[in-house]
1. Please report, ordered by residue number, the strands (runs of 3 or more DSSP E) entirely within the stretch 120-178 with at least 3 residues that are crowded, with 24+ Cβ neighbours inside 10 Å and either of a type in the set (A, V, I, L, M) or not assigned by TED's automatic domain parsing to the domain that holds ALA48 (or both).
2. Against the definition (assigned to a loop (DSSP other than H, G, I, E, B) and either aliphatic (A, V, I, L, M) or at negative phi (or both)), how does PRO237 come out, yes or no?
3. Tell me the residue from THR202, THR185, THR158, THR164 that is more than 21 Å from ALA121 (Cα to Cα) and at pLDDT below 90, please.
4. Looking only at the stretch 302-330, which residues are closer than 13 Å to LEU150 by Cβ and part of a helix (DSSP H, G or I)?
5. Please determine, by comparing only the residues of the stretch 36-61 that are of a type outside the set (A, V, I, L, M), surrounded by 17 or more Cβ atoms within 10 Å (Cβ to Cβ) and modelled with pLDDT under 95, which one is nearest to ALA110 (Cα to Cα).
6. How many residues does the stretch 197-221 hold that are part of a loop (DSSP other than H, G, I, E, B), closer than 30 Å to ALA132 by Cα and in contact with a helix residue (DSSP H, G or I) (Cβ under 8 Å, 6 or more places away or on another chain)?
7. Does the stretch 107-116 hold any residues that are outside any loop (DSSP other than H, G, I, E, B) and surrounded by 14 or more Cβ atoms within 10 Å (Cβ to Cβ), and which are they?
8. When you scan the stretch 67-93, how many residues do you find that are over 26 Å from CYS131 (Cβ atoms), over 21 Å from the mean Cα position of the chain (by Cα) and surrounded by 12 or more Cβ atoms within 10 Å (Cβ to Cβ)?
Amino acid sequence: MFEHHYSVAGRILRVASSGELARQLSIAFMRSCCFSTVDEGGHEAETAIRVHSDCDAPPIPDGISIVPTPPGRWHMTATEQYFELSDSIVRVRPAGRLPIDVWIGASREARRRLALAHVMALAVHAALRQCALYSFHGAGLALPDGSAGLLVAGAAGTGKSTLTLRLAQRGWRYLGDDSLLLYNTASGVAACGLRQPFAVSTKTIAAMDWPRLRDCLKAPLLDDPDKHWVDPEDLFPGQVARTMRPAVLLFPEMTGEPRSRLSEVRPADALSHLIRTRLWTGRYDMDAHGCLRVLGQLARQVRSYQLMAGRDLLESPGCAADLLGPLLES
């Protein structure tokens, strides 16, 4: 077994691999995340993943509940869950029964890059939940000179990456543009980055008309060729924020109107929106209640707003900071 240890938000994750494909996949995927590698000595892992590409997966038990979740499906018992994608399997067991296992199928479909990334992401998200780190579909930023933070929650196409780029242009520190981790601390809910690169749409690239952004574009996304990967360190060197305490939660919606506007959202409505729009992972996981508890605490901790995002946010570099900065400074 080939092993690496990683640190995030004070937790240690051990990733072991068996087989050359499993080794390459685990290294490449973990490199794309906002984790730090740590030496094995003196660190005890709180959670673990084991990736196999040199053996077959065990059979999934018969007679258990099946929940279709494209591109695969979950098979669930009271104590174990199996995600099936082609002939690849991810097995998730309770936190006391580590590790989480990934068996990479032998078929061509199972070994496509997108399928490999999907099963690895499921395993990582599940492992992090087992040590109370909950994945959140949103962007995160902090003021240039403080720890007060902004969460931008929304599905694809709602302007998360655009807002992140515009605020980072004005010196705000970024955690990520799409994928974060939420967790409890003694002073409340905190956030840190999960996925390292940004994903920027061709619409945003054209509207921002920023030559430096065009120069930094990398390969298109496998599942969305309309978006390109961007390494934020190329655009904003030294502006990464490792963690922040959210003070404002924003729900953006692109309107196409000339000017942007804000309307306040009550905590109960903010929580309802987070749950209804499925901006969190773990809906079919034994640890889903832990994530829901953190979301409830988050909704009470922050001030929430609906952002009706107009063309001014795209066209004016300083508009986003001028509109949103006072919310965090008040």
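The values are calculated or read from the model by the stated rules, or taken from the named source; none is laboratory data. Just so we're clear, the structure is a prediction, and the values are computed from it rather than from any experiment. Heads up, the Cβs are rebuilt from the backbone with ideal geometry, glycines too, and the neighbour counts pull from every protein chain shown.
1. Details: elements: 134-142, 148-153, 173-176.
Filter on the stretch 120-178 gives 134-142, 148-153.
2. So PRO237 passes the test.
3. THR158
4. Result: ALA320, ALA321, LEU323, LEU324, GLY325, PRO326, LEU327, LEU328, GLU329.
5. By that ranking, first place goes to THR47.
6. 1
7. Within the stretch 107-116, ALA115, LEU116 meet the criteria.
8. So the answer is 2.
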